[in-house]
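Step one of this worksheet: look at the structure below.
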Amino acid sequence: MTVSAVERLLAGRVTRADARRNVELLVGAAREAANEGGEFSAHDIARRAGVGVGTFYRRVGTLETLLEAVLEEVAAEILAKAEEGLAEPDAWEGFRRFAMAYVDLRNELCDLNAARGGGSIRALAEMRDSMRRLVERAQESGGMRADLGWTDVAFLLVSVSTGDHTIGLRAAPHQRERNLQVVLDGMRTPDPGPLPGEPPRAEEP
């Protein structure tokens, strides 16, 4: 059973409803910071959560404790998405749905891991195995080109996360999804899917 970051942080403690709510706010703020590439100090997360820094330390102890719990939660979500993909009758569709979720979750996971100073992630071996199984299943069904290794796929999925700017252009709101669709089309045989959203505008430099 997947254990949420809030449950990890409250394990073995009897807390009031307002105290639990503060922990939920702090977890949400840490994940928001990871999604936005924001700061990860206790003060910054407390500010995002709308609580005082004293409340931060009372409820979660240390920044490292909070980041570790949130990182474990995100890793568990990646594994859950992989299991959903493996349970999908259509192997390609299962992989595609996983990929759509994985790109954002993987970025969040990496930002959280960097914020805690790096190091190993306990679920890494499971994530690799899930990726391999999803890729091999899609290939065996004929939905994915057979000349790709699952490690190729891991790097291809990372490649869709580009910066917000390049040569004076600003990324479109759906840029990451557009990038991912092109990558998925390159993996697939034989029918490409439609691109979501509109291409970025070529504004004057």
Checklist entry - Does Glu39 satisfy being assigned by TED's automatic domain parsing to the domain that holds Arg145 and of a type outside the set (A, V, I, L, M, F, W, C)? => result no
Next on the checklist: Going by what's in this entry, would Ala101 be described as part of a helix (DSSP H, G or I), buried (at least 16 other Cβ atoms within 10 Å of the Cβ) and of a type outside the set (D, E, K, R)?
Outcome noted: yes
Item to check | Cross-chain or 6+ apart pairs with Cβ under 6 Å, the range 144-161 first and more than 13 Å from Met100 (Cα to Cα), then polar (S, T, N, Q) and part of a helix (DSSP H, G or I) | outcome: Ala146/Gln139
Item to check | Glu73 being in contact (Cβ under 8 Å) with a residue 60 or more places away in the chain, surrounded by 14 or more Cβ atoms within 10 Å (Cβ to Cβ), assigned to a helix (DSSP H, G or I) and not hydrophobic (A, V, I, L, M, F, W, C) | outcome: yes
Item to check | Some residue of the range 21-28 being at pLDDT 85 or above, out of contact with any Leu (no Cβ under 6 Å at 6 or more places or on another chain), more than 22 Å from Glu108 (Cα to Cα) and surrounded by fewer than 20 Cβ atoms within 10 Å (Cβ to Cβ) | outcome: yes
Next on the checklist: Being in contact with a helix residue (DSSP H, G or I) (Cβ under 6 Å, 6 or more places away or on another chain), touching a residue at least 12 places away in the same chain (Cβ under 8 Å) and of a type in the set (Lys, Arg) narrows it down to one residue among Arg116, Arg178, Arg170; which is it?
Outcome noted: Arg116
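The values are calculated or read from the model by the stated rules, or taken from the named source; none is laboratory data. From a predicted model like this one, the values you see are computed outputs, not experimental measurements. When we count neighbours, we look across all protein chains shown, and the Cβ atoms used for this are built from the backbone with ideal geometry, even at glycine.
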